[in-house]
Ligand SMILES: [Cu+2]
């Protein structure tokens, strides 16, 4: 009897742990939904429109995530962009809708917003880790999580096309292309590492790392998108002058 009692207590404790984990398993989107409407028109062209074309602001979490969502710990993230079908259409028999990440800021990570295809919730996708740059979309609203560890302006570009089961484009269909943007602005180009509000060695170390990766945090001076002496001078100058 005593053993049974202990067993019940242990189960009860486990259930409590699971309940607690569930709350921390569902990170917020970081703002209201911003849908990328995907439409196939009568001329078999993919048309893409995003409701709010501005940059989404990365969410600063105040909580710790558990389970699959633990990949977001130590990052700022955003899941406002959601792929959504617009109008009544379907790919041809044997065809699939592919979303292919053709360009993205280095150090921008993407995680699956729900289970779909071969992916589970929070699996790395779209080139993150060793994942494929593309996936076959099931057509159900999909808000993936974009995560970064350093400030800056980030972007990712997508080609959406109709392809066969191997991902080969099907002739007669014109793909669509769209660029999405996100920002983490500290208000000071030299303040790129914790603790924020203080310029210290951590910012210099982060700049060197970001510069070597070609990451947005080091892209502090024009021409943007290029990592050159102007970025180094810009960082050093801002660092010496101090932040407002
Ligand atoms: Cu949505």
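The values are calculated or read from the model by the stated rules, or taken from the named source; none is laboratory data. In this text, all values refer to a predicted model and were calculated from it rather than measured experimentally. Ideal geometry is used to build each Cβ from the backbone, glycine not excepted, and the neighbour counts take in all protein chains shown.
Structural remarks
- In segment 43-56, the residues that are over 15 Å from residue 87 (Cα atoms) form Cβ pairs under 8 Å with partners that are in a loop (DSSP other than H, G, I, E, B), at six or more places apart or across chains, as follows: 56/30; 56/31; 56/80.
- Residue list for segment 142-159, restricted to those being under 30 Å from residue 231 (Cα atoms) and within 16 Å of the ligand (Cβ to nearest atom): 145, 146
- Among the candidates 127, 139, 30, residue that is within 18 Å of residue 182 (Cβ to Cβ), touching a strand residue (DSSP E or B) at 6+ places or on another chain (Cβ under 7 Å), within 16 Å of the ligand (Cβ to nearest atom) and at pLDDT 95 or above: 30
- Any hit, segment 55-72, residues being part of a strand (DSSP E or B), more than 16 Å from the ligand (Cβ to nearest atom) and surrounded by fewer than 20 Cβ atoms within 10 Å (Cβ to Cβ): yes
- Identity of the residue in segment 211-223, closer than 17 Å to residue 237 by Cα and modelled with pLDDT of 90 or more, that ends up nearest to the chain's Cα centre (by Cα): 217
- Residue within segment 75-88 that is away from the ligand (no atom under 16 Å from the Cβ), free of Cβ contacts under 8 Å to residues at least 24 places away in the same chain and surrounded by fewer than 16 Cβ atoms within 10 Å (Cβ to Cβ) present: yes
- All conditions but one from (1) crowded, with 17+ Cβ neighbours inside 10 Å; (2) more than 14 Å from residue 243 (Cβ to Cβ) apply to residue 205; the one that does not is (1).
- Residues located in segment 89-114, provided they are in a loop (DSSP other than H, G, I, E, B) and within 16 Å of the ligand (Cβ to nearest atom): 112, 113, 114
- Residue 177 satisfies every condition listed in (1) within 19 Å of residue 102 (Cβ to Cβ); (2) assigned by TED's automatic domain parsing to the domain that holds residue 47; (3) assigned to a loop (DSSP other than H, G, I, E, B) except (3).
- Residue match in segment 33-49 (condition: at pLDDT 90 or above, within 23 Å of residue 124 (Cβ to Cβ) and away from the ligand (no atom under 16 Å from the Cβ)): no
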